[in-house]
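Everything on this sheet refers to the single structure shown next.
Every read-out reported here was derived from the displayed coordinates using simple, explicitly stated rules and does not represent laboratory data. A quick note: this is a predicted structure, and the numbers were derived from the prediction, not measured. Using ideal geometry, Cβ is built from the backbone for each residue, glycine included, and neighbour counts are taken over all protein chains shown.
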Ligand SMILES: C[S@@+](CC[C@H](N)C(=O)[O-])C[C@H]1O[C@@H](n2cnc3c(N)ncnc32)[C@H](O)[C@@H]1O
C-alpha cells in the first residue's frame, strides 16, 4: 500500500540526507558533504528528479534539492539513499528565505525546474529581480542559472528580466525535444515535465549568467 502524505513527511524528517529550516547549514555545506566540491542547487525541485539525475552524472559535484513540500522531497531523498548517492541532500525551506541557509559564495550553479508560473504575482516568480538578488547573496561570481519550463509566461518574463539586468544568455532553446540531438543533461525529465509533455506542451530551456559582465 502506498504511503500517505503524513507518513512520507515523517519518513522524510527521519532520513539522514534531509535538512530543514531548523538545520544549521549557513556556511557549513562543505562540512555537511565532507568535501570542498562545488555546490549546485535545484530550486522548486518537487520530487528531486533533476537533483538525483545530475548527482549521478556529476559525482564530483554536490547537489541540494530545495522545496517546501516534505512529502514530495521524500521521493528524491529516498531514491538517493537507496542508490547511496553521497553527493545529494534535500533541504525543506521556503526559497524566499534562502539567504538564511547559505553563505555568500557558497553556491556554484542553480537549476530551476518547472517552477509555478505565478501569473498574478511577478515578485513570486523564482526568476524575478527580487529572487535573483537573493541568489546573488549566496552565489559565486560565475554562477549560472539553468531554467527548464513549459510556461511561455515564465519563459518570457525571465527573458525580460535578463534584458533589464543586461545578463548574458548562454543557451536559449525554445523547444528542447525538437533539437536533432538532445543534450544528455536535458534528457532528465521531472514529474511535472512528463505531465506537461503528455499534454503536448513544448519545453523551453534557458541558461544565463546570474551576474552581469559589467559588475
Ligand atoms: C510545479 S512544481 C515542480 C516540481 C518539480 N520541479 C517538477 O518539475 O516535477 C513547483 C514546486 O515548487 C515548490 N515551490 C513553489 N514556490 C516555492 C517557494 N517559494 N519555496 C519553496 N518551494 C516552492 C512547490 O512546493 C512545488 O513542489
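Can you give me the relative contact order of region 162-215 as a percent, contacts being Cα pairs under 8 Å and 6 or more apart? Before the final figure, lay out each step's value.
Numbers: 53 pairs, mean separation 31.9, N = 54.
So the answer I get is 59 percent.
At 0.36 nm per residue, minus the direct Cα-Cα distance, what do residue 104 and residue 31 gain on full extension? Give it in nm, one decimal, please.
Working: separation 73, 0.36 × 73 = 26.28 nm, distance 1.55 nm.
That pair, residue 104 and residue 31, stretches by 24.7 nm at full extension.
At a Förster distance of 45 Å, what's the computed FRET efficiency of residue 152 paired with residue 3, Cβ-Cβ distance as r, to 0.05? Working shown, then result.
On the way: r = 36 Å, r/R0 = 0.79.
For R0 = 45 Å, the calculated efficiency reads 0.80.
How high is the relative contact order of the chain? Use alpha-carbon pairs under 8 Å, at least six apart in sequence, and give a whole percent. Please list the in-between numbers first.
Working: 403 pairs, mean separation 42.9, N = 215.
Over the chain, the number comes to 20 percent.
If all Cα-Cα distances of region 1-47 are sorted into 5 Å bins from 0 onward, what percent lands in each bin, rounded to whole numbers?
5, 15, 21, 24, 18, 9, 6, 2, 0
Sort region 58-215 into rounded, prolate or oblate with this rule: let a ≥ b ≥ c be the square roots of the eigenvalues of the Cα gyration tensor; rounded if a/c is under 1.5, and if a/c is not under 1.5, prolate when a/b is larger than b/c, oblate otherwise. Could the numbers behind the result be given before it?
Details: a/c = 1.38, a/b = 1.06, b/c = 1.31.
Because its axes are fairly even, with a/c under 1.5, region 58-215 counts as rounded.
Residue 57 to residue 122: FRET efficiency via 1/(1 + (r/R0)^6), r the Cβ-Cβ distance, R0 22 Å, to the nearest 0.05? If you can, show how the numbers build up before the last one.
Details: r = 33 Å, r/R0 = 1.51.
E between residue 57 and residue 122, to the nearest 0.05, is 0.10.
For region 3-56 and region 76-95, what is the centre-to-centre distance using only Cα atoms, to the nearest Å?
Between the Cα centre of region 3-56 and that of region 76-95, the gap is 4 Å.
Where does the chain land at 222 nm, in deg cm²/dmol rounded to the nearest 500, when only DSSP H runs of n ≥ 4 count, each adding -39500 (n - 2.57), divided by all residues?
Details: 7 runs with 66 residues, N = 215.
Rounded to the nearest 500, the figure is -9000 deg cm²/dmol.
Starting from the 7 Å offset along Cα-to-Cβ, what nm value, one decimal, do you get for the label separation of residue 201 and residue 94?
Each label point lies 7 Å from its Cα, and together they span 2.5 nm.
Rounded to the nearest 0.05, what FRET efficiency do residue 186 and residue 83 give with R0 = 25 Å and r taken as the Cβ-Cβ distance? Could you check? Please report the intermediate quantities before stating the final value.
Details: r = 21 Å, r/R0 = 0.85.
Computed FRET efficiency for residue 186 and residue 83: 0.70.
Cα gyration tensor of region 43-133, axes a ≥ b ≥ c as square roots of the eigenvalues: rounded (a/c below 1.5), prolate (a/b > b/c) or oblate? Before the final figure, lay out each step's value.
Numbers: a/c = 2.06, a/b = 1.53, b/c = 1.34.
Here region 43-133 falls in the prolate category.
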